[in-house]
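Engineer: Right, I'll just put the structure down here and ask away after.
The values are calculated or read from the model by the stated rules, or taken from the named source; none is laboratory data. Every value quoted in this text rests on a predicted model; they were computed, and no experiment measured them. Cβ placement follows ideal geometry from the backbone for every residue including glycine, while neighbour counts extend to all protein chains displayed.
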Amino acid sequence: MAGGGSALPQPLPDSEPCSSECLHLLLQDLEIQKGGPEYLSQALHAASLLLFHVSDFRFCTRWCSILECQRAPEAPEVLRIACSEALCAAGLPLINNLRDHSSLPAIMMRLINTGLYLLQDQSQEVRQKAARFASLLHHSRRGNDQRSVCIMQINQALLLLLDLLLQECWDTPGALEVLLSHLPQADLRSVLREASPARGSCSLYEQDEANVFAEPSVMSAHLLPYLLQMAEKSSQSSALAQTLTAWAEKNTAQVLDNLTDCEQLQPAETLTPSWLALLVDPRFHFALWGLFARAVFLLHLLKTSACPQRHCDPLSVQMRLQTVCTLLTQNGVHFTPALTAAVSVEEPRL
């Protein structure tokens, strides 16, 4: 990829001064949240359309930062919808305009990451519009006519963005962190400490979430193969190898401590109210899936040259994972076949 400067290609000189000033004012309102959600959503639409009439690359980074703010689950739905629409309106043209720019991988990674977050949104409309962004990227890479785009299903869109992240941005600083950020983040030890041993009655029939990707097992199962492939690429990049080693050094102790917590769980021969309450606690499954995905990732790093084995013995980690998986499976916890295969003696297929 050719090294680019700090200016975007193909500026429009006649209209640029006015466009730059208008874009700056719109982005400024969005950055300081000046106005209500409806106004800010319209401001984001307008800013996305003006983005291509300026040559200052700093506007692109500001626009990306605004999307990263508005994609948050706590943001008003109208802003999250506008965020998805902004991706569709400006995401692909921006990537195409930056094709020969040195910052393309970093910008593409940020846009893909925003798309991944929006594809997990609680609003179906947000997810569908984010799926259109993924469809536009897919059609563009295949050289298809953008005027006739078949919108792919949300689960296909999510996998497509993960594929693009690994293909185009795997050696971009922050790519590993992007993948890891979509794993459940809760600490199992904290969840078990907070869980009351006598929580009383509980319902097995709580209302299902509208978004299947809110289920931690789904996202963890999707992300794990990409994490393992990232580890395989460590031999191609010393910077990535250092990042993986640093992650292992930082997270090994917590992963092993949480495995110890799992080993110390003593489910009764029959389902007691306290154990049943834990089984239906979403925080427990959220933390458990995050733990197992990280543990399998750590195990893979230990088995490759990506991570020195001084941290712990890979065979010991694998045996502990198998023991915990068997214990929990026998007592009501369901693991996907992908994760079960990942902790088996044979290496899982990527």
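Engineer: Please verify whether residue 122 is closer than 21 Å to residue 41 by Cβ, at pLDDT below 95 and under 18 Å from the mean Cα position of the chain (by Cα), treating the condition exactly as stated.
Structural biologist: yes
Engineer: From 171, 163, which residue is in contact (Cβ under 8 Å) with a residue 24 or more places away in the chain and either over 16 Å from residue 230 (Cα atoms) or of a type outside the set (Lys, Arg) (or both)? Give the steps one after another, and end with the answer.
Structural biologist: Values: 163 fails: in contact (Cβ under 8 Å) with a residue 24 or more places away in the chain.
Of 171, 163, the one residue that is in contact (Cβ under 8 Å) with a residue 24 or more places away in the chain and either over 16 Å from residue 230 (Cα atoms) or of a type outside the set (Lys, Arg) (or both) is 171.
Engineer: Same structure, new question: I'm trying to understand the selection: among the residues of segment 163-175, which are in a helix (DSSP H, G or I) and surrounded by fewer than 19 Cβ atoms within 10 Å (Cβ to Cβ)? Before you say what the answer is, go through the steps one by one.
Structural biologist: Going residue by residue through segment 163-175, those that are in a helix (DSSP H, G or I) are 163-169, 175.
Selection gives 163, 166, 167, 168.
Engineer: Right, something else. In this structure, is residue 201 part of a helix (DSSP H, G or I), among the polar types (S, T, N, Q) and either out of contact with any strand residue (DSSP E or B) (no Cβ under 7 Å at 6 or more places or on another chain) or at pLDDT below 95 (or both)? Lay out the reasoning, then the answer.
Structural biologist: Numbers: part of a helix (DSSP H, G or I): no; among the polar types (S, T, N, Q): yes; either out of contact with any strand residue (DSSP E or B) (no Cβ under 7 Å at 6 or more places or on another chain) or at pLDDT below 95 (or both): yes.
Taking the combined requirement at face value, the residue does not satisfy it.
Engineer: Any residue in segment 260-282 that is modelled with pLDDT of 85 or more and among the small types (Gly, Ala, Ser)?
Structural biologist: no
Engineer: Right, here's the next one. Residue 83 versus (1) surrounded by fewer than 20 Cβ atoms within 10 Å (Cβ to Cβ); (2) of a type outside the set (Ser, Thr, Tyr); (3) under 18 Å from the mean Cα position of the chain (by Cα): which is the lone unmet condition?
Structural biologist: Failed condition: (1).
Engineer: A further question on this structure: Regarding segment 152-167, can at least one residue be identified that is touching a helix residue (DSSP H, G or I) at 6+ places or on another chain (Cβ under 7 Å), β-branched (Val, Ile, Thr) and either at positive phi or modelled with pLDDT of 95 or more (or both)?
Structural biologist: The answer is no; no qualifying residue exists.
Engineer: Further question on the same structure: Counting only residues that are of a type in the set (Lys, Arg) and either modelled with pLDDT under 95 or part of a helix (DSSP H, G or I) (or both), which one in segment 35-73 is surrounded by the most Cβ atoms within 10 Å (Cβ to Cβ)?
Structural biologist: Narrowing segment 35-73 to residues of a type in the set (Lys, Arg): 58, 62, 71.
Checking the rest, the ones that are also either modelled with pLDDT under 95 or part of a helix (DSSP H, G or I) (or both) come to 58, 62.
Working: 58: 11, 62: 18.
The qualifying residue surrounded by the most Cβ atoms within 10 Å (Cβ to Cβ) is 62.
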